[in-house]
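One structure is given below, encoded as structure tokens.
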Amino acid sequence: MDSTTKVLLGFVAGLSIGTALGIMYAPQKGSTTRRKIARRGTDIVDDFRDKLDDSVDEIKERYEATKKDAIDWVSKVKK
């Protein structure tokens, strides 16, 4: 096993142990914690979708502007 694999396995093991300990010693009931995690996950997905939609809109606007510029340029060249 090379050193990169060992480091990665150590990281994953530490993350897993930390998560388990955090859940075990959490001051709230498991159901409450799971609800909070689910809600936060939904918020992250919603934020990602909003940013993706904004990016798609911006790309469409740039495409249309570039298309218009190209058509104008071709018209000028033909004259």
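Assuming 0.36 nm per residue, please report the length gained on full extension of the stretch residue 45 to residue 65 beyond their Cα-Cα distance.
4.2 nm
Could you tell me which residue out of 71, 7, 33 lies farthest along the dipole of the chain toward its positive end? Charges go on the beta carbon: Lys and Arg +1, Asp and Glu -1, centred on the Cα centre.
33
Which is farthest toward the positive dipole end of the chain among 24, 59, 48, measuring Cα position about the Cα centre, with Cβ charges +1 (Lys, Arg) and -1 (Asp, Glu)?
In the chain, that residue is 24.
Calculate for the chain the 222 nm mean residue ellipticity that helices alone would give, adding -39,500 (n - 2.57) per DSSP H run of length 4 or more and normalising by residue count, nearest 500 deg cm²/dmol.
Computed ellipticity for the chain at 222 nm equals -33000 deg cm²/dmol.
Tell me, what HN-Hα J-couplings in whole Hz come from the Karplus equation 6.51 cos²θ - 1.76 cosθ + 1.60 at θ = phi - 60° for each residue of segment 27-37, using x for Gly and Pro?
x, 10, 5, x, 5, 5, 5, 5, 4, 5, 5
For segment 12-19, take each phi angle, set θ = phi - 60°, evaluate the Karplus expression 6.51 cos²θ - 1.76 cosθ + 1.60, and give the result in whole Hz per residue in order, putting x for glycine and proline.
Values per residue, Gly and Pro as x: 5, 5, x, 5, 5, 5, x, 5 Hz.
Only the coordinates and a few stated rules stand behind these numbers; no lab work does. Computed from a predicted structure; not experimentally measured. In this analysis, Cβ positions are derived from the backbone assuming ideal geometry, glycine residues included, and neighbour counts consider all displayed protein chains.
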